[in-house]
Amino acid sequence: MDSISTLIEFLKSKKQLSQLESDFVETFKELMKNPFDRRSAELRMGLNYGGYLDIFAEAGIVLGGTAQPNYTLSDDEIRSNLQCQLLKLAGKEQEALRNVQQT
């Protein structure tokens, strides 16, 4: 998670965050909650899926092509799903930063 920590530190220095950056930070905060708040994590997952349909599509591929209802997943599976989302959001943000640097 070193690249994640580096990205978090970079975003802390920004005055205003884009929607993607905000979603990334909020997903990170959700994963850092102790104790783990399943309902809050499920809400964050839903917000991410609603905002980034490609993440939802990729999750279906990982799960064997079928979406699993949250109530069938364990807390560890919910956390793992959120971690996967965080990595996907990080990749999107890193790509966006590269695109800005190239212009």
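Laboratory data are not the source of any read-out in this text; all were calculated from the coordinates shown. All values derive from a computational prediction rather than experimental measurement. FYI the Cβ positions are ideal-geometry reconstructions off the backbone, even for glycines, and counts take in every protein chain you see.
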Measuring from the longest principal axis of the C-alpha atoms of the chain, the long axis of helix 53-62 (C-alpha) lies at a number of degrees, nearest 10, equal to 50
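Below 8 Å between Cα atoms, with a sequence gap of 6+, how large is the relative contact order for the chain in percent?
Details: 50 pairs, mean separation 37.0, N = 103.
Value for the chain: 36 percent.
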Describe numerically, in nm with one decimal, the distance between label points set 7 Å from Cα along Cα→Cβ at LEU47 and at ASP2. 3.0
Any idea how far apart GLN19 and GLN101 come out in nm if each label point goes 7 Å out from Cα toward Cβ? 2.6
Any idea what angle helix 38-51 forms with the longest principal axis of the chain, computed on alpha-carbon atoms, 0 to 90 degrees, nearest 10? 60
Can you list the residues, at least 5 places off or on another chain, whose amide H is less than 5 Å from the amide H of GLN68, using H built in the peptide plane? none
Describe numerically, in nm with one decimal, the distance between label points set 7 Å from Cα along Cα→Cβ at PHE10 and at LYS29. 2.1
Sort VAL100, VAL25 by Cβ crowding within 10 Å, fewest neighbours at the top. VAL100, VAL25
